[in-house]
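The values are calculated or read from the model by the stated rules, or taken from the named source; none is laboratory data. Here the structure is a predicted model, which is why all the values come from computation and not from measurement. Here the Cβ is made from the backbone with ideal geometry for all residues, glycine too, and neighbour counts use every protein chain on show. Areas reflect the complete protein model, heavy atoms only, side chains present, ligands, DNA and RNA absent. Shrake-Rupley method; radii C 1.70, N 1.55, O 1.52, S 1.80 Å.
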Amino acid sequence: MTQAGQYAELPSLARPPARVFVGGQGARLAPEGAPRLPGSKYYTLRYLLNALLAEGESVVHAPALSDDTAVLVRAMRALGAEARWERGSDDAWALHVRGCGGRPARPANGMIQAGNAGAALRLLLGIGALLPDVRFETNHPESLGRRPNADLLDALRALGLEVEAREPGGLPPITLRGGPPIGGAVSVSGARSSQYLSALLYLGPLLRDGLDITVTDGLRSAPLIRMSLRALAEAGVRVDASADLLRFTIPGGQRFQPREYRTPGDMPSTAALVAAARALDAPLRLAGLAPADEGARALVAALDTLDVPLAERPDEANGRTLATLGGARNTVAPVRELDCDPIIDSVPALVALACMTPGETRFINGANLRLKESDRIGDLCAELARAGADVTPLSDGVIARGQLDGIAGGVSVNAHDDHRLAQALAIIAIRSRAGLTIDGADAVAKSYPWFYDDLRRMGAQIEAR
């Protein structure tokens, strides 16, 4: 399945260009309108899994229209679900899904193409454990093909499955045989990714004996596990979790209930838009945020640390929250420290923001940034430094030193097949003196296909090259 073929699983959207020029400080345009914040990728994937596993029809309103969604929709159809897109009176898309009732079918060719969707792959590995055999492949060998899955595969082996994968690290292609397991006690490491645990949380309710899960080596990205627990609860699934999220008891033989889900706004995309607004010295108003969410609170706190406060107020029209960018740039040059773990996917955009904020910002506790679609420490720092930014890579983070006058720019940089890097490079380009040409710019389609259109609406100069 080609990348274009995966994209065809979505409503009709124009794919971003593969190479763009983003103009610098001397290339401001008149703003044309407000950005259209994408739906949360995290919630979209979980709600679609809920819908896949339920018996009957579920509706996911305003899901993320992204490559990750396309990968999962295609996989859902291969696993026996029906899915159709409908556009509502508010012009927003909704996905109607008739699920498989917890009994996924074996794909016709025995294979699921994961594209470059790491989170979707790992969640689907849990569902794949229910099948007698299934193979997961990727057509992005230099991105998803280098992301490890060994901790999850070890847990599936412990449950009795036969697993084949490229080693070291449990890399795709990955083949599972011998499902479904009975269930029982299992342990999984939480040191590298919370996605392995989320996969088991979705598998456990469907096993005869359920699962008793022990998390070893600590837990990364705990807010995403709480998100999985909330999504499962919305589907009527019971999971008993310890307060520290290191032990879980999941009764077996449960059924996912069909539901209607409303997807909140995406937090990493919010970080990118806020950073772009700061680069453009432009006001920004965003609807659809979820301030009660732990990840949203962590992002708001990080932005406040970077002297970009968000003022929140209720939006009575849809019961959500409208966030308004406000406050003046601080002229003091402090030294700050930001913990990457609760804001892990927002870090590239925040590093770009820190490069234009007075003082020094140390991003720490983010070693797993090196295990994303790219090495989001080494690759990001290399491209930012090429553009003229003052950054230093650390083993588990980045030191960024702000340059109020912006960076030099005037060069070509590479997004390394990573949507978050493409966004960060576009943000820093806006603040540069000569702009930047971004190769692999179409990587933004993984989470935010119209990102460059929104930058243009906000006043940035964007040209396809």
| For residues in the range 294-320 being modelled with pLDDT under 65 and touching a strand residue (DSSP E or B) at 6+ places or on another chain (Cβ under 6 Å), which is surrounded by the most Cβ atoms within 10 Å (Cβ to Cβ)? | Arg320
| request: Output the residues belonging to the range 140-159 that are open to solvent by 60 Å² or more (accessible area, probe 1.4 Å) and over 23 Å from Ala78 (Cα atoms). | output: Glu142, Arg146, Asp154, Arg157, Ala158
| task | Select from the range 210-225 the residues that are buried (at least 22 other Cβ atoms within 10 Å of the Cβ), of a type outside the set (Val, Ile, Thr) and under 12 Å from Ser187 (Cβ atoms) and list them in ascending order. | result | Leu211
| message | I want to confirm something. Restricting to the range 87-116 and keeping residues that are open to solvent by 60 Å² or more (accessible area, probe 1.4 Å) and over 26 Å from the mean Cα position of the chain (by Cα), which single residue is farthest from Glu137 (Cα to Cα)? | response | Ser89
| request: Could you run through the range 233-262 and say how many residues are within 24 Å of the chain's Cα centre (by Cα) and in a loop (DSSP other than H, G, I, E, B)? | output: 7
| query | Restricting the search to the range 10-30, which residues are more than 27 Å from Asp293 (Cβ to Cβ), surrounded by 16 or more Cβ atoms within 10 Å (Cβ to Cβ) and not basic (Lys, Arg)? | reply | Pro16, Val20, Phe21, Val22, Gly23, Gly24, Gln25, Ala27
| query | Which one is farthest from the chain's Cα centre (by Cα) among residues in the range 117-134 that are open to solvent by 10 Å² or more (accessible area, probe 1.4 Å) and without any contact (Cβ under 8 Å) to a residue 60 or more places away in the chain? | reply | Pro132
| said: When you scan the range 263-282, do you find a residue that is open to solvent by 50 Å² or more (accessible area, probe 1.4 Å) and either under 16 Å from Ser40 (Cβ atoms) or assigned to a strand (DSSP E or B) (or both), even just one? | reply: no
| task | Considering every residue within the range 39-57, establish whether at least one is open to solvent by less than 60 Å² (accessible area, probe 1.4 Å), of a type in the set (A, V, I, L, M), at pLDDT 95 or above and closer than 21 Å to Asp454 by Cα. | result | no
| note | Selection from the range 167-206 of residues without any contact (Cβ under 8 Å) to a residue 60 or more places away in the chain, on the phi > 0 side of the Ramachandran plot and surrounded by 19 or more Cβ atoms within 10 Å (Cβ to Cβ) yields Gly170
| query | Can you name the number of the only condition in (1) within 23 Å of the chain's Cα centre (by Cα); (2) crowded, with 17+ Cβ neighbours inside 10 Å that Ser395 fails? | reply | (2)
| request: Report yes if Glu137 is surrounded by fewer than 18 Cβ atoms within 10 Å (Cβ to Cβ) and acidic (Asp, Glu), otherwise no. | output: no
